[in-house]
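The values are calculated or read from the model by the stated rules, or taken from the named source; none is laboratory data. Since the model is a prediction, treat every value here as computed from it, not as a measurement. Please note: Cβ atoms are built from the backbone with ideal geometry, for glycine as well, and neighbour counts cover all protein chains shown.
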Amino acid sequence: MKRIATYLLLLCTALAFTACREKEQPNVSTMKGVFYACLDGADETVELLPNKSKTFNLLAKAEAVSDVYLTLSFKVDPDAVATYNAAHGTDCELLPSSAFEILDNTVMLPRYNKASSSARLRITATGMEEDKMYVLPVTIDKVEGTDNWALSGSPCAFVTVVQISTGPQGGDGSAEYPYILSTAEDLEKMAEKLEHENKVYFKMKNDIDMSSVTAWVPLNYASPYDFEIDFDGDGHTISNFSVDFTNYASFFGVLYGKCHDVTFTNAYVTSSANSACGIIGGYAGTGDKHAEITRVHVQGVVDFKGNKTGIGGLAGILGNATVSASSADCVVTSGYNYVGGLFGYDGGKSEVSNCWTAGSVTGAQRVGGICGGLIKNESSVVNCYSLSEVNAGFALGGIAGHCNLDQKSGTPEESRPDNVFSKCIAWNGYVHATTLTPGDVSHYSVGAVIGFTSVRNYLIDCIRRPDLDFQDYSDMFTLYDQGNASPDMPLVVNKVEGANYNYPYHGRAAEAGKTLSQVAKELGWSADIWDFSGAVPTLKANAEVVPEEEAHGQGQLPGYGENDIY
């Protein structure tokens, strides 16, 4: 009751008062700038469970602009607590110093601008009494670049905070009380809840139809890509998702955090921008920002019309990611390179296990049923199969297209990517080079499992469909069985005169008459993850996957030149 009474009092006495509002202008005839502090999203009382945090953008605004470039910083003004209480008829106390921290406390204000860049204010429920109302007044501390400045008549931004004992019904974004998602509108409002450098938790309550959402904006599409998330689908389905966006057209944009236990059906992703895309993310992880995708299934269309490598059904690029017990049944189309049924290519030390793809994958070159290729060191694809139809000019395979570090570290005999393809099954409808030139042996090879590979990759017990419909770009190459390979035991490749780029990996043919499920069982795939009761193995809804040690890849966003095609 005490908390309810306090809230009513605040509502009745402070309806017109917000954290950011127009101020009465002082005499500014001789001033180079008149400033006040502003907190984005701090116009409601912040409720926090013990030790939980919330982060706000903190910026300076100019009531009268300056004609010089300035840097500003902030401070807490304890004397303003009395001003706040007098204006609102409250008896709030100053928020304890242990409960707040101003991060990156320097902002820039270009000349003649009315708003600065943003610092961040983090508030944590520590050192507070439960259900007691606190207030934090933040104002401008220093201005560098001129001595001729002043504070406005109301220079403080205020945020009120209360520590609570039970989570709100709709969630508060914590692991204990994730935000609850029940409608398409809830999904659209997720962006408002994201916080820089704070992981925010969401959980679906039921299936959601997104056909009413016609202008989806990916959740984490802009630098510094630090909106960390835990998205729990709780076994539910998102249907009719669509997006056409300039940066990383997808649901998340750049997935940082976890996405698990969700199915997308009838999804449609299209983009004409030069930016990687896929249904879940343009990027899954990047740099030291790890992404984990588990028990996620996507079905739909990814239609890319831009000029960018890295397009996939699930994700465009695995910048730093672990993907397990997931699938993509998609029509993936691009006019460029590194196109895959699951993902386009990796950013280093990414791990993919117990996944499958179906549908079709079409690209220019470096195209595969699981991935267009692996171009960084130490990435792996384990216990995966593809039913996808694969179409490209050359450098295409049933599982992967091009796996030789994008040819930047020597020939396939010299390079050592330490990539792993283990116990994968190329059960594709067909693998076809779309341009057949009889007798031409000048291009990259085509493989049943991998189109073009370093002979020193780890290639272990991979199997191809015995009646695979296979078409190379030339009539000079045929399928044949190959043994395992490693850095110390290079892959043996049948040589053809003049074929300088002939390094396919065909694995070995399955025994005629065997089903895909039988082949997978013989390879030792786990019955805790896969259901082998049908001809084709399916992933169990509660597939138990061993947690992978978090990777720390070197995946980078475009602009660094690592994706050049030679």
Given the conditions (1) in contact with a Gly (Cβ under 7 Å, 6 or more places away or on another chain); (2) more than 17 Å from residue 450 (Cβ to Cβ); (3) in a loop (DSSP other than H, G, I, E, B), and given that residue 335 satisfies all but one, which numbered condition is not satisfied? (1)
Out of all the residues in the stretch 116-133, is one or more farther than 30 Å from residue 168 by Cβ and charged (D, E, K, R)? no
Looking at (1) under 35 Å from the mean Cα position of the chain (by Cα); (2) at positive phi, can you tell me which one residue 145 breaks? (1)
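Only one of 279, 293, 317 is at pLDDT 95 or above and not in a strand (DSSP E or B); which?
Every option except 279 fails the conditions.
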Scanning the stretch 149-202 residue by residue, those part of a loop (DSSP other than H, G, I, E, B), in contact with a strand residue (DSSP E or B) (Cβ under 8 Å, 6 or more places away or on another chain) and within 30 Å of residue 115 (Cα to Cα) turn out to be 149, 152, 154, 155, 156, 172, 173, 194, 197, 199
Give the residue that is farthest from residue 234 (Cα to Cα), with candidates limited to residues of the stretch 296-314 that are under 17 Å from the mean Cα position of the chain (by Cα) and in a strand (DSSP E or B). 311
Are any residues in the stretch 110-162 under 15 Å from residue 64 (Cα atoms), touching a Ser or Thr at 6+ places or on another chain (Cβ under 8 Å) and surrounded by fewer than 16 Cβ atoms within 10 Å (Cβ to Cβ), and if so, which ones? 111, 112, 146, 148
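Would you point out the residue of the stretch 35-49, among those that are in contact (Cβ under 8 Å) with a residue 24 or more places away in the chain and in a loop (DSSP other than H, G, I, E, B), that is surrounded by the most Cβ atoms within 10 Å (Cβ to Cβ)? Steps first, answer last, please.
Taking the stretch 35-49 and keeping what is in contact (Cβ under 8 Å) with a residue 24 or more places away in the chain, we get 35-43, 45-49.
If we keep only those that are in a loop (DSSP other than H, G, I, E, B) too, we end up with 40-43, 45, 49.
Numbers: 40: 14, 41: 16, 42: 24, 43: 15, 45: 18, 49: 17.
Result: 42.
Out of all the residues in the stretch 472-497, which are under 15 Å from residue 394 (Cβ atoms) and surrounded by fewer than 17 Cβ atoms within 10 Å (Cβ to Cβ)?
We begin by selecting, within the stretch 472-497, every residue under 15 Å from residue 394 (Cβ atoms); these are 472-477, 496.
Residues satisfying the conditions are 475, 476, 496.
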